[in-house]
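Mind looking over this structure? Questions follow.
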Amino acid sequence: MDCRYDIVVVGAGPAGSRTACHLAHKNLKVCIVEKRKKIGEGVLCTGIVGSKVFHRLNMPACSIASRIDSAVFCSPLGQKLEYEPREVFAYVVDRLIFDRELFREAQESGVDTFLNQRVSRITRSSGGYSLKTSSRTFHAKAVVLATGIDHRLHGMAGLARPEAFLYGSQVERPAAIPGSRIEVHIGSDFAPGSFGWVVPFRNGISRIGVIVRDQSKKWLKRFIRCRLADQPPCRDADIRVKPIAFGPARNSSNGAIISVGEAAGQVKTTTGGGIHYGLLCAEIAADKLYEALMKGYGFSDYDTTWRSALVAETDIGKNLRSLAARLSDDDVERLFTFVKQNRYWVELLVPRIDFDYHSNVIYFCMESFGQLLRTEKS
């Protein structure tokens, strides 16, 4: 069965569904082709989204599982720094509901959807591209790969994979923390050069995880053993591990094929969060696709536009992780002590905090802490 469209979007995650929705609003004939039978099932994600971005991008309120109004940062030896803004600064979303709502919005906008259809081949054809599944052939003038960490199609599409990967490990368990506070834990024993987290989800359940460069499950088990003494030991079978794109792909467009979301490496290099950047770049992708198909503009401008929007954030995140990998636990303790003892410095820091854009506060911290560490070691 042959199906003809202006644009075929491969992948029904948030970036894919939102890209298709934007395109349909521009009166283009669009479809989503998704390999899964059901949307949103089996997604591994902590699901934290900044409140400002949540509302600006009109994300589905029914997907909110908890509201976050404070955070506590814990040093290797247990020093604590608390951040308590005056209002809710982030939400934790239920990805099952979140993904299905965005998919439903795309359908209601006129997007045709095909589930349980795995694209096995992309080839050039007259007037565009042909995409082959087991039961259908789709023809399109342009193609969007929104396939997340599945990069099987990138090679045949002439697109690069993200430049590197981190690994996030997570479990969901009952955990005795306030229902509106997140905990961030630092320590080389369980998260070398990185961090672990405890995030309230719903009904007394928390999401507990670490993000490191090694895909071994040992780091999450160490985190629970070191920091969550009330929790029973974690079995390998309970732990889920996911690669997380770390840094943008070298190219995210080739001819009339583009990638969006984690498929293009549009992920925060600080925390590994991909929802915000994926939805932001979905807007950019839809605008550039419309301009290319309807006005004859080139597709290469897509790469330039989204990179210019995110380059400061992705670069500073990589620099921060490079620095963190060189810090000892003693260095981290000195930094915590400095913050606790210098309230004037905190008063300069707080106005720079933005949950979704980290470069401003990281530049400030790196400049301050770099001088402090050099002074103490000299």
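The values are calculated or read from the model by the stated rules, or taken from the named source; none is laboratory data. Quantities reported herein were computed from a predicted structural model and do not represent experimental measurements. As a convention, Cβ positions derive from the backbone with ideal geometry for all residues, glycine included, and neighbour counts pool all protein chains shown.
Would you pick out the residues in the stretch 310-348 that are touching a residue at least 60 places away in the same chain (Cβ under 8 Å) and polar (S, T, N, Q)?
Once the filter is applied, which keeps residues that are touching a residue at least 60 places away in the same chain (Cβ under 8 Å) and polar (S, T, N, Q), the stretch 310-348 yields T314, S328, T337.
Need the failing condition index for V43 against (1) assigned to a loop (DSSP other than H, G, I, E, B); (2) surrounded by fewer than 17 Cβ atoms within 10 Å (Cβ to Cβ), just the number.
For V43, the exception is condition (2).
OK, next. Considering only the stretch 310-335, state which residues are in a helix (DSSP H, G or I) and more than 30 Å from S252 (Cα to Cα). Talk me through it step by step, then tell me what you get.
The initial filter retains those residues of the stretch 310-335 that are in a helix (DSSP H, G or I), namely 310-326, 329-335.
Within the stretch 310-335, R326, D329, D330, D331, V332, E333, R334, L335 meet the criteria.
Being crowded, with 18+ Cβ neighbours inside 10 Å, assigned by TED's automatic domain parsing to the domain that holds V144 and within 29 Å of I149 (Cα to Cα) narrows it down to one of I32, I64, so name that one.
Numbers: I64 fails: assigned by TED's automatic domain parsing to the domain that holds V144.
Just one listed residue meets the conditions, I32.
Could you list, in sequence order, the residues of the stretch 201-256 that are part of a strand (DSSP E or B), more than 30 Å from E163 (Cβ to Cβ) and out of contact with any Pro (no Cβ under 7 Å at 6 or more places or on another chain)? Step through it out loud before you land on a result.
Applying the first criterion (part of a strand (DSSP E or B)) to the stretch 201-256 yields 201-202, 205-212, 240-245, 249, 253-254.
Checking which are more than 30 Å from E163 (Cβ to Cβ) leaves us with 201-202, 205-206.
Once the filter is applied, which keeps residues that are part of a strand (DSSP E or B), more than 30 Å from E163 (Cβ to Cβ) and out of contact with any Pro (no Cβ under 7 Å at 6 or more places or on another chain), the stretch 201-256 yields F201, R202.
Give me the residue from the stretch 284-309 that is free of Cβ contacts under 8 Å to residues at least 12 places away in the same chain and part of a loop (DSSP other than H, G, I, E, B) and, out of that set, surrounded by the fewest Cβ atoms within 10 Å (Cβ to Cβ).
So, considering only residues that are free of Cβ contacts under 8 Å to residues at least 12 places away in the same chain and part of a loop (DSSP other than H, G, I, E, B), the one surrounded by the fewest Cβ atoms within 10 Å (Cβ to Cβ) is G296.
Consider the stretch 46-81. How many of its residues are over 14 Å from P14 (Cα atoms), aliphatic (A, V, I, L, M), assigned to a loop (DSSP other than H, G, I, E, B) and within 21 Å of the chain's Cα centre (by Cα)?
0
Let me ask something else. Please count how many residues of the stretch 326-372 are within 17 Å of V184 (Cβ to Cβ) and of a type outside the set (D, E).
Residues flagged as within 17 Å of V184 (Cβ to Cβ) and of a type outside the set (D, E) within the stretch 326-372 amount to 16.
Scan (1) in the same structural domain as K29 (by TED's automatic domain parsing); (2) surrounded by fewer than 20 Cβ atoms within 10 Å (Cβ to Cβ); (3) modelled with pLDDT of 95 or more; (4) assigned to a strand (DSSP E or B) for the single condition R124 breaks and write down its number.
(3)
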